[in-house]
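Participant: Take a look at the following structure, please.
The values are calculated or read from the model by the stated rules, or taken from the named source; none is laboratory data. None of the values given here were measured: they were computed from a predicted structure. Cβ sites come from the backbone with ideal geometry, for glycine too, and all protein chains shown count toward neighbours. Surface accessibility is based on the protein's heavy atoms, side chains included, excluding ligands, DNA and RNA. Shrake-Rupley method; radii C 1.70, N 1.55, O 1.52, S 1.80 Å.
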Amino acid sequence: MSRRIALSVAAGVVVLGGAGALTLAYAGDESVGPAHSTARYTAPDGDRDGSLTFATDVTAPSGVRSVQVLAWPQDSSFAEDELTAEDMAEVDRAVCEPSGEDTVHCTYSVKVTASDAESSPRGAWHVAVLATAEDGTTTLDREAAGFTVR
């Protein structure tokens, strides 16, 4: 093999090795995160209860430990004081099912009675999501989805 070809092959190995290392480093830096989040609010009607249904996909390289969900009105203290992970400590968990190698599809549904609807502030609402990976990494999306209470 000529010297020029040997040097080209060696340089190619170094470049490909570096690209592989960069890919592994990037994959290791990925954090847990929700995506494609939706919320649907249906008001009670007559003697029929309404509902709030939220869905999201969460991806975490180490696996997803939990997904917690909180609906909050835009005109609340959370709008001024910024919702924190500590505020999410005791809220409801979504039900999650595997939907890919590192991804789960999570849903949260709660019924809304006429009494609930009457006492709820009218206007824009947000759904906050606290996603926790198996490695302990957390991500809080304060406004993962939104809906309106009329």
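Participant: Looking only at segment 107-118, decide whether some residue is open to solvent by less than 60 Å² (accessible area, probe 1.4 Å), in a strand (DSSP E or B) and of a type in the set (Gly, Ala, Ser).
Facilitator: No, because not a single residue in segment 107-118 is open to solvent by less than 60 Å² (accessible area, probe 1.4 Å), in a strand (DSSP E or B) and of a type in the set (Gly, Ala, Ser).
Participant: Taking THR132 and the conditions (1) open to solvent by less than 20 Å² (accessible area, probe 1.4 Å); (2) hydroxyl-bearing (Ser, Thr, Tyr); (3) farther than 19 Å from THR56 by Cβ, which numbered condition does it fall short on, given that it satisfies the others?
Facilitator: (3)
Participant: Another question, then. Which one of these does VAL127 not meet: (1) in a helix (DSSP H, G or I); (2) touching a residue at least 40 places away in the same chain (Cβ under 8 Å); (3) under 30 Å from ALA60 (Cα atoms)?
Facilitator: So the condition that VAL127 fails would be (1).
Participant: Separate question: Looking at ALA60, ALA39, ALA35, can you tell me which residue is under 14 Å from CYS106 (Cα atoms), surrounded by fewer than 17 Cβ atoms within 10 Å (Cβ to Cβ) and at pLDDT 95 or above?
Facilitator: Sole residue among the options that is under 14 Å from CYS106 (Cα atoms), surrounded by fewer than 17 Cβ atoms within 10 Å (Cβ to Cβ) and at pLDDT 95 or above: ALA35.
Participant: Oh, and also: Starting from segment 39-50, keep only residues that are over 16 Å from ALA124 (Cβ atoms), then list their pairs with residues that are open to solvent by 70 Å² or more (accessible area, probe 1.4 Å) and among the basic types (Lys, Arg) whose Cβ atoms are within a distance under 6 Å, requiring at least 6 positions of separation or different chains.
Facilitator: Going by the 6 Å Cβ cut-off, the qualifying pairs are ASP49/LYS111.
Participant: How many residues does segment 92-101 contain that are assigned to a loop (DSSP other than H, G, I, E, B) and either modelled with pLDDT under 95 or open to solvent by 60 Å² or more (accessible area, probe 1.4 Å) (or both)?
Facilitator: The number of residues fulfilling the criteria is 3.
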